[in-house]
There are 2 protein chains.
Amino acid sequence: MKVGILGGGQLARMLAEAGHPMGLSFLVVDPKPGASASQVAEQLVADYDSEPARDALADCDAVTCDFENVPAAALEALAERVPVRPSAAALAAAQDRFVEKSRFQSLDMATPAFAAVDRRPDLLAAIDRIGLPAVLKTRTMGYDGKGQVVLRDREDLEAAWQRLSGRPLILEQWVAFDHECSITVVRGADGNKRFYPLSRTWHADGILRLAVAPCPNADRLQAEAERMAGRLADDLDYVGCLTLELFASGNELRANEFAPRAHNSAHWTIEGARCSQFENHLRAVCGWPLGDPAARSGISVLFNFIGELPEAASWLAVDGLAWHDYGKTARPGRKVGHATLVAPDREALDAARAGLEDLLPSDLRGALDGILPRRA
Amino acid sequence: MKVGILGGGQLARMLAEAGHPMGLSFLVVDPKPGASASQVAEQLVADYDSEPARDALADCDAVTCDFENVPAAALEALAERVPVRPSAAALAAAQDRFVEKSRFQSLDMATPAFAAVDRRPDLLAAIDRIGLPAVLKTRTMGYDGKGQVVLRDREDLEAAWQRLSGRPLILEQWVAFDHECSITVVRGADGNKRFYPLSRTWHADGILRLAVAPCPNADRLQAEAERMAGRLADDLDYVGCLTLELFASGNELRANEFAPRAHNSAHWTIEGARCSQFENHLRAVCGWPLGDPAARSGISVLFNFIGELPEAASWLAVDGLAWHDYGKTARPGRKVGHATLVAPDREALDAARAGLEDLLPSDLRGALDGILPRRA
């Protein structure tokens, strides 16, 4: 079977890496030559909705995407010729933050208070209702903290409005969460669903830097997270992996946003789960039975590399560490790779952390110590 | 870094699959177009010792092999231009069964009695010394049970001689073993060595069909296996993964043969060990630190698919099962794929076996029941 992928970034790359052992082949469509995935799979350099792209993708057995902002029209035209999973409608549901949060509400999923903001009076009314601090965001095309401004008090309003107005906006309540976490669900075309354990996430400057899975002390959160992600996936008649990002406060979860694709917070599943998010996405896309999302015994820690990769050899010297180099050139703010440490128990984890001591930047070390206090 | 591989079979394919996440790229040289590895890596269709092959490989950062019968001269010429790991000498040491077993002896590794047989009187003298039953084998180019005949009594002699004579032969004592097992060692260019747990193997018609790892009840065998494989790897100044195949009788081990490459009996390490044989081979070849060969918790069972692949979906429905399709066309006796079941404990293993009940041929099911009696 051949799977077509719209977008050739690291997610497409890791999909291909997961599919090759199973005998799948891939065609990646990306307008930029030399995309990350092109180093491991065939790339067609073309616009997503160009005729060569449509024809080549229609020759595949199934088509999926490595990012959510694929033009819906391109996907709908394709879907008449080849199974597109997840569907154009499911992708569209994640493209607009207001539509997304309205859906959460309609599905009885707790979410921070929010309001659509088109004109300046909308913003003032929204602040009166939601209060401050709050976050003003573009409704579309935002990711990794881009296209958003935090409003701490009314003095921040003018600058934020200057920066973001002219596009449809959303004001969201600022949530004083204990921590962030994500749940990934995989859903088959037959409606069967399986859930990964919650992954605890830590961001800096809006970009994921660290994830720990299974999320420590999250037994009471897992069921509610599964209820939410499951309702969402069913409502979208979703096929593939979907990740729901959540704010946790005490035993309460609030849905922040979802990604209709493989997600950075679940990269630990490549080594840390019995079946990775990438393999499970492909199983769903190909109509195969879903794999077991359970964590292998122990705990996984995911380190994201932003901007540039550290020297591989020092990291590889740590037992249990797996190295992922996306084959990208260095650029500030760019996700260029990650490493996952899988430790069978806390003792092995602490030993590995000692080996990482000089390699981790201090903010990351501090974040990890906060999530998993050392025992020694 | 770019790694060149001589040979484009499933071992080259799985090396590429293991190297892609780490950012390695590959050039596979194989005279047959459309080799298994060509589906996941660039293939140069050329003879191993042709000029285009030599030039292309010399442009790589390091070169390795996916089979042991690479012409030594081709490798030696290459080694003047690029690091070749393992070395031509290490490969040559495995190409001739008599040389191989003589080395075992000189390294104080127990091995079945053997004798070189060039002429018919040699065979008669060898039988007098070693006794019957015994196995008459070609000294070179034998694999998967090819090029060998079992001599049960003197009446078998004539037919065996007709079939094999004209080439250098070896007569080997027939060992009444309890079971067969293999150990894989990875050795770095700095001489550092790490050992995988013993894998218990089961063959039919000379071809591996089943492996269970870690080998049950093998605590007392592991140390001796490590001693033997370690001495051999050091003696060869070996770089990369090497597998030593062993006969086990009680607490005694006898070395049968070794493979200077990734080995079928260690395919379970892809999912079942903290760092797979393929990744570790590449780490050694690239001069990186070696990974941890320890098994993840639980037990792994490897099923080889010979001749043709069964239907994937039924197998994938078993939790914990990983599917490997080498992308080959079906042909009797050909290794076309494998599946690995990794179960965290015996209970999960028995549950998975229930799911496999109707999928396993009866000889394989019987062999597995013999190695891992069911608890229910």
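Before moving on, here are some points about what is shown:
- One residue stands out in region B:307-317 among those that are out of contact with any Asp or Glu (no Cβ under 9 Å at 6 or more places or on another chain) and not in a helix (DSSP H, G or I): the one that is nearest to the other protein chains (Cβ to nearest Cβ), namely B:A317.
- Any chance B:V342 is within 14 Å of another protein chain (Cβ to nearest Cβ), crowded, with 16+ Cβ neighbours inside 10 Å and more than 23 Å from B:S199 (Cα to Cα): no
Okay, residues lined up against (1) more than 24 Å from B:L75 (Cβ to Cβ); (2) at pLDDT 95 or above; (3) crowded, with 22+ Cβ neighbours inside 10 Å:
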residue	(1), (2), (3)
B:H281	no, yes, yes
B:D292	yes, yes, no
B:A295	yes, yes, no
B:F305	yes, yes, no
B:H338	yes, yes, yes
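Yes/no matrix, rows are residues, columns are (1) within 14 Å of chain B (Cβ to nearest Cβ); (2) assigned to a loop (DSSP other than H, G, I, E, B); (3) modelled with pLDDT under 95:
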| site | (1), (2), (3) |
| --- | --- |
| A:E17 | yes, no, no |
| A:F26 | yes, no, no |
| A:G34 | yes, yes, no |
| A:C60 | no, yes, no |
| A:Q95 | no, yes, yes |
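- Selected residue [out of contact with any helix residue (DSSP H, G or I) (no Cβ under 6 Å at 6 or more places or on another chain) and touching a residue at least 12 places away in the same chain (Cβ under 8 Å)] from A:L316, A:L349, A:L290: A:L349
- Selection of region B:318-336 for residues being aliphatic (A, V, I, L, M) and either closer than 29 Å to A:A295 by Cβ or at the interface with chain A (Cβ under 9 Å from one of its Cβ atoms) (or both) yields B:V318, B:L321, B:A322.
- Test: residue in region B:252-270 that is within 12 Å of another protein chain (Cβ to nearest Cβ), more than 27 Å from B:A110 (Cα to Cα) and in contact (Cβ under 8 Å) with a residue 24 or more places away in the chain: yes
- Which listed residue is closer than 30 Å to B:M22 by Cα, out of contact with any helix residue (DSSP H, G or I) (no Cβ under 9 Å at 6 or more places or on another chain) and of a type outside the set (S, T, Y), from A:E68, A:E42: A:E42
- Scanning region B:210-220 for residues that are over 12 Å from the mean Cα position of the chain (by Cα) and assigned to a strand (DSSP E or B) turns up B:L210, B:V212, B:A213.
- Unmet criterion (only one of (1) closer than 22 Å to B:A94 by Cα; (2) surrounded by fewer than 24 Cβ atoms within 10 Å (Cβ to Cβ)) for B:L242: (2)
Yes/no matrix, rows are residues, columns are (1) touching a strand residue (DSSP E or B) at 6+ places or on another chain (Cβ under 7 Å); (2) farther than 30 Å from A:H324 by Cβ; (3) assigned to a helix (DSSP H, G or I):
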{"position": "B:P31", "(1), (2), (3)": "no, yes, no"}
{"position": "B:A37", "(1), (2), (3)": "yes, no, yes"}
{"position": "B:N69", "(1), (2), (3)": "no, yes, no"}
{"position": "B:A74", "(1), (2), (3)": "no, yes, yes"}
{"position": "B:V82", "(1), (2), (3)": "yes, no, no"}
{"position": "B:S102", "(1), (2), (3)": "no, yes, yes"}
{"position": "B:A115", "(1), (2), (3)": "yes, yes, no"}
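- Which listed residue, of B:A339, B:A351, is under 28 Å from A:P293 (Cα atoms), of a type in the set (A, V, I, L, M, F, W, C) and more than 25 Å from the chain's Cα centre (by Cα): B:A351
- When residues of region A:334-359 are limited to those that are charged (D, E, K, R) and in a helix (DSSP H, G or I), the one farthest from A:R200 (Cα to Cα): A:E347
- Just so you know, in region B:276-301 the residues that are within 17 Å of the chain's Cα centre (by Cα) and in a loop (DSSP other than H, G, I, E, B) include one that is farthest from A:R274 (Cα to Cα), and it is B:P293.
- Summed over region B:322-336, the residues that are in contact (Cβ under 8 Å) with a residue 24 or more places away in the chain and on the phi < 0 side of the Ramachandran plot give a count of 9.
- Breaking point among (1) surrounded by 18 or more Cβ atoms within 10 Å (Cβ to Cβ); (2) in contact (Cβ under 8 Å) with a residue 12 or more places away in the chain, for B:K2: (1)
- As a summary of the residue check, B:R331 satisfies the conditions (1) within 15 Å of B:S300 (Cα to Cα); (2) in a loop (DSSP other than H, G, I, E, B); (3) within 22 Å of the chain's Cα centre (by Cα) except for the one numbered (1).
Matching residues to (1) in the same structural domain as A:D122 (by TED's automatic domain parsing); (2) touching a residue at least 40 places away in the same chain (Cβ under 8 Å); (3) part of a helix (DSSP H, G or I):
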{"residue": "A:L157", "(1), (2), (3)": "yes, no, yes"}
{"residue": "A:R163", "(1), (2), (3)": "yes, no, yes"}
{"residue": "A:R167", "(1), (2), (3)": "yes, no, no"}
{"residue": "A:V185", "(1), (2), (3)": "no, yes, no"}
{"residue": "A:R200", "(1), (2), (3)": "no, yes, no"}
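- Under the condition of being buried (at least 19 other Cβ atoms within 10 Å of the Cβ) and among the basic types (K, R), the residues counted in region A:5-53 number 1.
- The criterion of being of a type outside the set (D, E), more than 8 Å from chain B (Cβ to nearest Cβ) and more than 15 Å from A:L360 (Cβ to Cβ) holds for A:P293.
The values are calculated or read from the model by the stated rules, or taken from the named source; none is laboratory data. It should be emphasised that the depicted structure is a prediction, and the values quoted were computed from it without experimental measurement. Cβ: placed from backbone, ideal geometry, glycine included. Neighbour counts: every protein chain shown.
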